[in-house]
C-alpha cells in the first residue's frame, strides 16, 4: 500500500481564494482538477443546455406527438438504482405532461438485462404504442428489431457505451453515441431521462401547450436524479454535481418523494442533514436490494409511493431485503476467500471466480469487495441456468473493463455470449463449460494491458491538517459539499499519538488521538487490533452527534505504525 498526496497548483488555489472560496476548500478543489470558480456553480441555470444532447429535441417531438395523440407509452427500466430512479423520473415526468404511461422492469433472474426480444413479447401483452428505455437499450439490437416487427416504436435513452452496431430505434439519446457533443459523458441514465423531459417541456412550450395552464415543475424530480447519479457511481463532473446538489437541497428541505424520505429514516439518517455519501451508502443499497434479491418493481413502487405510510411499508420491506443481501454477501465472501487460499493472488493480474451456489444478485458486490481487497480486476460468476454463467466485473483505474472484455471477444470470438458496461464495471455471459478458458483469456488480456506497478494499491490523500483545521466547523463545511466518484471525499494524513483505545460494538476501535498537544475523538471501524503508540493515520473529518451535542470526530480509514519524533 502506497500513500500519495494529491497535487494542486498554488496559483489556482490563490485565484479561487481571491474569488471568495474557503482556503481549505480551494486547496481541495484544485487537487480535484477545478481551475475556475465557475466550475463550482450549483444553480440549475448553469447545467449544460438540453439542446446540446444529440437527438433530445427529436425525441421530444416524438413524445409530444404521442402524448397529444393519447398513445400508450411503456417505460422499460433496469433493475439497479440508476434504472429504478430513471424509471420513476420517466413515469412521473411523462405523467406530469399528460402522458398515458406505465413501466416494465425485467426480472434479472428470468430475463436478464435490457430490452431483449423476450421482454418485448412480455411488453406486447400491455399493448403499448411506444417503448422508451431508460438506463438501457443501446445494446438491444435484437430487442428493437423484435419491437419493430410488431409495429411498436422504440425510443432509447441510455448512457452506456455503444458497440459498433446500434439498434434500429426511432430515436436514440445517449451522450456516448457517436457525434454527440454533450460535454458531460458521465451523466447517469436517470440524468439522460431528466434531460429528455426538459426538452419535452420546451417542445410543449413552443407548441403553446402551457398558454392556459402552468408548466410542470421538473425540479421536483431532482431528488431522484441525485439518488440515481450517486448510486450509479458515475463521475461527479461539474454538471453532475449541480444535479446532485439541487436534489440534496430538495431532500433537506423536506420536499422530496416519500420513498427517499422513508429509506433515509429506516437507515437512521436525518433527511434534513443528508449528504451525497448518505445516498450512496444508505439509500442506494436498500433500493438495489430489490433488484438483487427480488424484483425492482418493489423499489420503483417505493419511489412512486403517493403516501408516507405506503412508502414506509415498502421501505421496511427493502430494508429487510438488504439485511438478507448482507448475510448472503458475507457467506459468499467467506467462500471466495477460502477459494483464494489455493491461488497465488500476488502472481495474478486478474481474478475470475465461480461457485455453483453463488447468488446472481450479489456477484457485483462481491466483485467490488475483492477488487478493493486485492486491487485487481475481478469478475464473479453465478449460475443462471441452462449451462450459462452470468458474470459481474469491477476494475481498477488503470484497466478499462469493457474495452478489456471487447479484446477478449476479438481474440476468442465464440467465448463471450454477450457483454457490456463501463470502464469500472461490466457484465457478461459465458457458457459454464468455458469458464476455465475465460479465466485464461481474461488473465492474458489483463497482463497485456497492466503493469506490476498498476497492481499496487494507492491511497491518495489531501495531506495534513493543522490542529486548528481539525474542527467541527471544518467537518460541517466538508459534509455540505458534493463528493463522490471522480470527485472524492477528502481524506487527510497525519501523525498522531494514541492516547486511548478501546473496542466498541465488538468490532470497532474508539480512539483518542493527539497532535501538537491537542486531543481528538476518533473511530476506526472494523478494526480491533491494538494500535502502536505512534501512528500515521489516514482519516476523514465528520460531525459526530451524541445526545444533541455535535463534536468533530476523525473517521480513521487506515493506519501505519510510525516512529516519528
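A few remarks follow.
- The number of residues in region 404-425 that are farther than 16 Å from residue 443 by Cβ and in contact (Cβ under 8 Å) with a residue 40 or more places away in the chain comes to 6.
- Region 429-456: number of residues that are closer than 28 Å to residue 373 by Cβ and surrounded by 15 or more Cβ atoms within 10 Å (Cβ to Cβ): 17
- Residue count for region 263-297, restricted to those that are touching a helix residue (DSSP H, G or I) at 6+ places or on another chain (Cβ under 6 Å), farther than 20 Å from residue 83 by Cβ and in contact (Cβ under 8 Å) with a residue 24 or more places away in the chain: 4
- Counting only helices (runs of 4 or more DSSP H) that fall entirely inside region 207-290 and contain at least 2 residues that are under 20 Å from residue 365 (Cα atoms), the qualifying elements are 222-231.
- Meets criteria (surrounded by fewer than 18 Cβ atoms within 10 Å (Cβ to Cβ) and either within 24 Å of residue 96 (Cβ to Cβ) or touching a helix residue (DSSP H, G or I) at 6+ places or on another chain (Cβ under 7 Å) (or both)) for residue 158: no
- Any hit, region 349-364, residues being closer than 28 Å to residue 259 by Cα, out of contact with any strand residue (DSSP E or B) (no Cβ under 7 Å at 6 or more places or on another chain) and touching a residue at least 12 places away in the same chain (Cβ under 8 Å): yes
- Where residue 25 falls short, out of the listed (1) touching a residue at least 60 places away in the same chain (Cβ under 8 Å); (2) closer than 30 Å to residue 153 by Cβ; (3) surrounded by fewer than 23 Cβ atoms within 10 Å (Cβ to Cβ): (2)
- Sole residue being free of Cβ contacts under 8 Å to residues at least 40 places away in the same chain, in contact with a helix residue (DSSP H, G or I) (Cβ under 6 Å, 6 or more places away or on another chain) and assigned to a loop (DSSP other than H, G, I, E, B), chosen from 35, 48: 35
- Only listed residue being crowded, with 24+ Cβ neighbours inside 10 Å, in contact with a helix residue (DSSP H, G or I) (Cβ under 8 Å, 6 or more places away or on another chain) and farther than 22 Å from residue 304 by Cβ, chosen from 181, 186, 174: 174
- Residues of region 39-91 classified as more than 20 Å from residue 191 (Cβ to Cβ) and out of contact with any strand residue (DSSP E or B) (no Cβ under 7 Å at 6 or more places or on another chain), total: 6
- Evaluation of residue 441 against (1) farther than 26 Å from residue 393 by Cα; (2) in contact with a helix residue (DSSP H, G or I) (Cβ under 7 Å, 6 or more places away or on another chain); (3) without any contact (Cβ under 8 Å) to a residue 40 or more places away in the chain (one fails), failing number: (1)
- Checking each residue in region 7-16 for being buried (at least 17 other Cβ atoms within 10 Å of the Cβ) and either part of a helix (DSSP H, G or I) or more than 29 Å from the chain's Cα centre (by Cα) (or both) picks out 12, 13, 16.
- Number of residues in region 337-353 that are in contact with a helix residue (DSSP H, G or I) (Cβ under 9 Å, 6 or more places away or on another chain) and over 20 Å from residue 402 (Cα atoms) equals 4.
- Any chance residue 74 is assigned to a loop (DSSP other than H, G, I, E, B), over 19 Å from residue 202 (Cβ atoms) and modelled with pLDDT of 95 or more: no
- Looking across 339, 305, one residue alone is farther than 18 Å from residue 79 by Cβ, in contact with a strand residue (DSSP E or B) (Cβ under 8 Å, 6 or more places away or on another chain) and touching a residue at least 12 places away in the same chain (Cβ under 8 Å). It is 339.
- One residue from 327, 322 being part of a helix (DSSP H, G or I) and exposed (fewer than 14 other Cβ atoms within 10 Å of the Cβ): 327
- The single residue among 512, 499, 528 that is modelled with pLDDT under 95 and over 28 Å from residue 397 (Cβ atoms) turns out to be 528.
- Among residues of region 457-470, those that are surrounded by fewer than 19 Cβ atoms within 10 Å (Cβ to Cβ), part of a loop (DSSP other than H, G, I, E, B) and under 30 Å from the mean Cα position of the chain (by Cα), counted: 3
- Restricting attention to region 293-307, the residues that are at pLDDT 95 or above, more than 9 Å from residue 259 (Cβ to Cβ) and part of a loop (DSSP other than H, G, I, E, B) total 3.
- Only one of 234, 230 that is in contact with a strand residue (DSSP E or B) (Cβ under 7 Å, 6 or more places away or on another chain) and in contact (Cβ under 8 Å) with a residue 40 or more places away in the chain: 230
- One residue from 60, 90, 66 being at pLDDT 95 or above and within 24 Å of the chain's Cα centre (by Cα): 90
The values are calculated or read from the model by the stated rules, or taken from the named source; none is laboratory data. Treat the numbers as computed from the prediction; the structure is a model and nothing was measured. Don't worry about glycine lacking a Cβ; one is built from the backbone with ideal geometry, like all the others, and counts go over all protein chains shown.
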